[in-house]
Structures are given as structure tokens and as C-alpha cells.
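The block underneath contains the structure these notes are about, expressed in C-alpha cells.
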Amino acid sequence: MPRSSVRARPARFRAAYRRLLAQGWTDSLRALHPDETIYTFWDYFRNAYGRNAGLRIDHLLLSPPLKKRLKAAEVDAHVRGWEKTSDHVPVWIELADAPARRRKSVG
């Protein structure tokens, strides 16, 4: 792949992500933490975790009906500090229970 294509790749990914958001998908973490720096990955190279030089590469997108049910969204970053752990950390959301559907009475 030509070097120019490699450099353009992040811009293409960001553009594709913006298109998903424009379609109505919601970034669950950003919805509840709009001003926080959020990382979900720290490379082992050059003590990235110790310097908090991470990347956000894990996203949990919600459809419009699920967005209404979003209660919590977090990154368990402390897990990255454990011995012999992954370079990724758990990302999770909590959704409110769906309203019960009313059954139509027969007869």
C-alpha cells in the first residue's frame, strides 16, 4: 500500500464513524462522559499506560431506541495496570429494562 494511503487511513475511519453517528447511532461512552478523555487501549511500547498515552479504539454504539435506555457506560481502565494483562480494557454499558409489551386480549 502506498505510504500516502496509510497516512489517510485514520481520516477515512473517522469519516466513516461520523457517518454512523449521522445515521442516528449514539456513542454510549461519549453520551455520558462528553468532556472526558477516554482511552480503551494502551500499547506496551514506551510505557504508554504509565504515561496515559492511549487510544480509544473500542466503541459501543446504540440505536435510537436503545439510547433512551442507557443508564451507565464506563471503561475499566484500572484493569490495564494488572500484571500480565491485555493492552485492551473492558468497556461496558448498562441499559434499563425494556418496558413490558402489552398483550392484546383475544376474544
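The values are calculated or read from the model by the stated rules, or taken from the named source; none is laboratory data. Since this is a predicted model, take the numbers as computed values, not measurements. Counting neighbours? That spans all protein chains shown, and the Cβs are built from the backbone with ideal geometry, glycine included.
Look at segment 11-44 and say how many of its residues are surrounded by 12 or more Cβ atoms within 10 Å (Cβ to Cβ), modelled with pLDDT of 95 or more and in a helix (DSSP H, G or I).
Summing the residues that are surrounded by 12 or more Cβ atoms within 10 Å (Cβ to Cβ), modelled with pLDDT of 95 or more and in a helix (DSSP H, G or I) in segment 11-44 gives 7.
Which of the residues that make up segment 10-37 are under 12 Å from L62 (Cβ atoms) and hydrophobic (A, V, I, L, M, F, W, C)?
Correct list: L20, L21, W25, L29, A31, L32.
Which one of D58, D87, D27, D43 is touching a Ser or Thr at 6+ places or on another chain (Cβ under 8 Å) and in contact (Cβ under 8 Å) with a residue 24 or more places away in the chain?
The conditions single out D58.
In this structure, does A77 turn out to be surrounded by 15 or more Cβ atoms within 10 Å (Cβ to Cβ), among the hydrophobic types (A, V, I, L, M, F, W, C) and over 22 Å from F13 (Cα atoms)? I'd like the intermediate steps shown before the answer.
Values: surrounded by 15 or more Cβ atoms within 10 Å (Cβ to Cβ): yes; among the hydrophobic types (A, V, I, L, M, F, W, C): yes; over 22 Å from F13 (Cα atoms): yes.
Yes.
Out of curiosity, is L70 at pLDDT 95 or above and not hydroxyl-bearing (S, T, Y)?
On the way: at pLDDT 95 or above: yes; not hydroxyl-bearing (S, T, Y): yes.
When the stated conditions are applied, L70 passes them.
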